[in-house]
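Inspection log for the structure reproduced underneath, given as structure tokens.
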Amino acid sequence: MSHVGVVILSLGGTPEHQQMTQTAIDSCVSEDESIDFTVVVCEGIKGIEYTGATTVHPPSDLPFNYNEYMNSCRIMTEFDECEYMALCNNDLIFEKGWASAIIKKMKECDVMSACPMDPAVHVGVKFKDGVSFGHTTTKPPRHVAGWCILQDLRIYDTIGALNTQAQFWHSDTTYASQLVTANLAHILVEDSKVHHLNSKTICSSLLPDYVRNLYTEASPINIQIYEEQQKNAGEIQ
């Protein structure tokens, strides 16, 4: 049985957002009983706890940065026995067998990075033997879908920590760049399915406009990342 660590970033400012996070936890674990899961939720609001997961809260003096929070959580002792790590948003619903299907293809293809497909997003993808290789992020087929990335933990021996240049948008783009630089393949897996509810927190009234604007695609840092990405359009799109 594979042991998979799961980090979910959450901002449970309303009962609806707390339930969304709980649904992500429940569907992640209950839909793949062949996997031994350890789930940690990094919850941005103190006092909120979740069932079936260890809940931690980021330091109040640490500004939000998606990959930085992931870096901090993935090295927790709770994950010491894990072989794999799933980096996840909280706005997800997992389908049956999602983790075992993706791990099977990772082993067959000898890769350390993969994403499940979202049936609403990954439309018309040309899979071969159930996978599609690539590093695209913002353009179809979006191989590196930042809302759910599964990794063989040995990948960090090669890439080190996740790149923290982006605060939120394009965190997956900077990760894809790390993979390309290290000459590491990535696959999108046809038989592993996760539904992304699409930015339910970042687009909500939980965040003041000035905070939300820090993470929009038009912010200066994201424009810089996008421009750098275009220079490598043949590898990352």
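How about segment 10-98: which GluC sites (Glu not before Pro) there lie in a loop by DSSP and see at most 13 other Cβ atoms within 10 Å?
On the way: sites: Glu16, Glu31, Glu33, Glu43, Glu49, Glu68, Glu78, Glu81, Glu83, Glu95; in loops: Glu31, Glu33, Glu49, Glu81, Glu83, Glu95.
Qualifying residues, ordered by number: Glu33, Glu49, Glu81.
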Residue-span extension gain [Leu184 to Val121] - 0.36 nm each, minus C-alpha spacing: 20.3 nm
Cα-Cα over 20 Å, subset of Lys105/Lys139; Lys105/Lys193; Lys96/Lys128: Lys105/Lys139; Lys96/Lys128
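Is the shape of segment 3-231 rounded, prolate or oblate, going by the alpha carbon gyration tensor and its root eigenvalues a ≥ b ≥ c, with a/c under 1.5 for rounded and a/b larger than b/c for prolate? Don't skip to the end; give the middle numbers.
On the way: a/c = 1.42, a/b = 1.11, b/c = 1.28.
Rounded, since a/c falls under 1.5.
Between Glu81 and Tyr156, how high is the FRET efficiency from 1/(1 + (r/R0)^6) when r is the Cβ-Cβ distance and R₀ = 22 Å? Nearest 0.05. Please list the in-between numbers first.
Working: r = 16 Å, r/R0 = 0.72.
For Glu81 and Tyr156, the calculated efficiency is 0.90.
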Low-density loop positions, trypsin sites (Lys or Arg not before Pro), segment 116-163 - DSSP coil, at most 15 other Cβ in 10 Å: Lys126
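Tell me which trypsin sites (Lys or Arg not before Pro) from segment 54-120 have a DSSP coil assignment and no more than 15 other beta carbons within 10 Å of their own. Before the final figure, lay out each step's value.
Numbers: sites: Arg74, Lys96, Lys104, Lys105, Lys107; in loops: Lys96.
Within segment 54-120, the qualifying trypsin sites (Lys or Arg not before Pro) (loop, at most 15 other Cβ atoms within 10 Å) are Lys96.
What's the extension gain from Glu33 to Lys96 if we count 0.36 nm per residue and subtract their Cα-Cα distance? Display every interim value, and only then the final one.
Values: separation 63, 0.36 × 63 = 22.68 nm, distance 0.89 nm.
Additional length available on full extension: 21.8 nm.
Taken together, the values in this text are just the output of simple stated rules run on the coordinates, not laboratory data. Since we're looking at a predicted model, the values are computed, not measured. All Cβ positions, glycine included, derive from the backbone under ideal geometry; neighbour counts span all protein chains shown.
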